[in-house]
Amino acid sequence: MTHQAQPRPAVSRRSPGLAGRARVPGDKSISHRSFMLGGLASGETRISGLLEGEDVMRTGDAMKAMGASIRKQGGEWIIRGTGNGALLEPQAPLDFGNAGTGSRLTIGLVGAYDMKTTFIGDASLSKRPMGRVLDPLRQMGVQVLKAAEGDRMPITLRGPKSTAPIAYRVPMASAQVKSAVLFAGLNTPGVTTVIEPVMTRDHTEKMLAGFGAEIEVETDREGVRHIRLQGQGKLTGRTIVVPGDPSSAAFPIVAALIVPGSDIVVENVLMNPTRTGLVTTLLEMGASIEFLNGRDAGGEDVADLRIRHSELRGVTVPAERAPSMIDEYPVLAVAAAFAEGETLMHGLDELRVKESDRLAAVARGLEANGVDCTEGKDTLAVRGRPGGKGLGGGTVETHLDHRIAMAFLVMGLAAEKPITIDDANMIATSFPEFMGLMQGLGAQIE
């Protein structure tokens, strides 16, 4: 497995203007859910544009271990699902590697089954908190037979004969917790309700409806969302075209903004409003981002983005924007390093429980490369140097975190001195084509 391979350092250097067109891999969130719902639905599901990174493949392997048929034919993935309520008990532990989304959502899905299931992961995933999804499952009657200290992996679950429907108010802005409860509700009699005070990415709700689940979403006068799912309904296979992942598109977008002379187009990017916080922030900073060919793809908004080098200025990013750009803060911090003035980001506490303590990892990486920044408990202030004068020359510890690795390779493209990352292996978990795509635009990365 890549995350256990010998570390493979990588270096990026100041590059000439980036140019050309690029298409990023399929959206990671939608890809995970496509394998899960396709593996659960009756009949055939066909998926094109799927992200074939390690994380998503682990989710596919888990669904196969529980009875789904999944195969690739040409550019399409073809799935014959088990039918809702008909997953089989896996014969071995489900190994999710580094996949936080896949593991948390699958924990929800299988928790509602009267069977024993064990979940394991790599060293990074084994440090990540799973209590946030186990707590509501316990309320539904799921037993946690074994768990490492702090409700961490390895975890063994035993579902009850019949799970109890609950109304669960999500205590933090987390699409993973919301989705885990809804997936558990699929095999639960009655109505499972998730109350979401702060809206997070809504792919689960949209895709459940697309597969035929009885689901309704109401927003009350206070803006709180009430999501109700009727359990034990029939799910039917469908055709899915996965749009490009905005979290992956973030890297070529920021690279083009900070490298002088750049003018690129990133095609087929998901523009779901719950995922566009980074683009909104970059536009506020003065970014030249043009939306071309806006269209609907399977119920999701998609567009091609034209990005040109821009003189950026610091802004304050409000805490309420965090759910719509939680994975993009590392590369936003890189953009801020080249902006005029200070960029202050609020509401970053969720970054502390990602693949690494992402907030600390970003701050240390910036400091190692000459950026003036201040790390708070849930804030980051970055004081930029337009033109990148004096920046670079350091080595960044990635902590097995793919987004830290890619963000600092982007930074090296506009810094005065090269930037080295200690390991590029884990980039394959979410964006296996990253190196080739960036090099194709003219980036000096090796």
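Since every read-out is calculated from the coordinates, none of them should be taken as a lab result. Keep in mind it's a predicted model, so treat the numbers as computed, not measured. Cβ coordinates were reconstructed from backbone atoms using ideal geometry, including for glycine residues, and neighbour counts include every protein chain displayed.
Under a 5 Å amide H cut-off, with hydrogens placed 1.01 Å from N, Tyr168 pairs with Thr193, Val194, Ile195 among residues at least 5 apart or on other chains.
Can you sort Met115, Met345 from fewest to most other Cβ atoms within 10 Å of each residue's own Cβ?
Listing Met115, Met345 from fewest to most nearby Cβ atoms yields Met115, Met345.
What percentage of all Cα-Cα pairs in the range 191-315 are separated by more than 20 Å?
Working: 4225 of 7750 pairs.
Value for the range 191-315: 55 percent of Cα pairs lie more than 20 Å apart.
Listed by chain and number, the aspartates and glutamates placed with their C-alpha closer than 19 angstrom to that of Lys417 are Glu367, Asp372, Glu397, Glu446; residues fewer than eight positions away on the same chain are left out. Averaging the Cα positions of each part gives two centres, and for the range 248-272 and the range 141-157 these lie 41 Å apart. Once each part is reduced to its C-alpha centroid, what is the distance from the range 276-335 to the range 58-111 in angstrom? Measuring centre to centre over Cα atoms gives 32 Å. Each residue in Arg295, Arg152 was given a count of other beta-carbon atoms within 10 angstrom of its own, and listing them fewest first yields Arg295, Arg152.
In the range 210-291, which GluC sites (Glu not before Pro) fall in coil by DSSP and have 11 or fewer other Cβ atoms within 10 Å? Numbers along the way, then the final one.
Values: sites: Glu214, Glu216, Glu218, Glu222, Glu267, Glu284, Glu290; in loops: Glu214, Glu222.
Taking the range 210-291 and a limit of 11 other Cβ atoms within 10 Å, the loop GluC sites (Glu not before Pro) found are Glu222.
The fraction of Cα-Cα pairs per 5 angstrom bin, counted from 0 for the range 60-203, comes to 2, 10, 20, 22, 21, 15, 7, 2, 1 percent, rounded to whole percents.
Cross-link reach is defined here as a Cα-Cα straight distance under 13 Å, omitting same-chain residues fewer than 8 places apart; for Lys116 the aspartates and glutamates meeting it are Glu89. The fewest-to-most ranking of Phe408, Phe96 by surrounding Cβ atoms within 10 Å reads Phe96, Phe408.
What translational D, rounded to a whole number of µm²/s, comes out for the chain from Stokes-Einstein when the hydrodynamic radius is the Kirkwood one over Cα pairs, at 37 °C and 0.692 mPa s? Display every interim value, and only then the final one.
Details: Rh = 22.1 Å.
Estimated diffusion coefficient is 149 µm²/s.
If only the Cβ of Lys and Arg carry +1 and only the Cβ of Asp and Glu carry -1, the dipole of the chain around its Cα centre is close to 740 debye. Placing unit charges on each Cβ (+1 for Lys and Arg, -1 for Asp and Glu) gives the chain a dipole about its Cα centre, and among Leu51, Gly111, Gly131 the Cα reaching farthest toward its positive end belongs to Gly111. Between the listed residues Ala428, Gln176, Leu186, the Cα displaced farthest toward the positive end of the dipole of the chain, a dipole computed from Cβ unit charges relative to the Cα centre, is found at Leu186. First measure r as the distance between the Cβ atoms of Ala319 and Lys234, then evaluate 1/(1 + (r/R0)^6) with R0 = 45 Å and state the FRET efficiency to the nearest 0.05. Taking R0 as 45 Å, the efficiency between Ala319 and Lys234 is 0.65.
For the range 337-352, the Karplus equation 6.51 cos²θ - 1.76 cosθ + 1.60, evaluated at θ = phi - 60°, returns couplings of 5, 10, 8, 6, x, 9, 10, 10, 10, 10, x, 9, 4, 5, 5, 6 Hz by residue, with Gly and Pro reported as x.
Could you list, in their original order, any pairs among Lys146/Lys354; Lys161/Lys234; Lys28/Lys389; Lys64/Lys206 whose Cα atoms are separated by more than 31 Å? Where the Cα-Cα span goes over 31 Å, the pairs concerned are Lys28/Lys389.
How big is the dipole moment of the range 28-241 about its Cα centre under a simple scheme where the beta carbon of each Lys and Arg is +1, that of each Asp and Glu is -1, and everything else is neutral? Debye, nearest 20, please. Please list the in-between numbers first.
Details: 27 positive and 21 negative charges, 35 e Å.
The calculation lands at about 160 debye.
Placing a label point 7 Å from the Cα of Val198 along the Cα-to-Cβ line, the residues of the range 315-347 whose backbone N sits under 11 Å from it are 318-326, 346-347.
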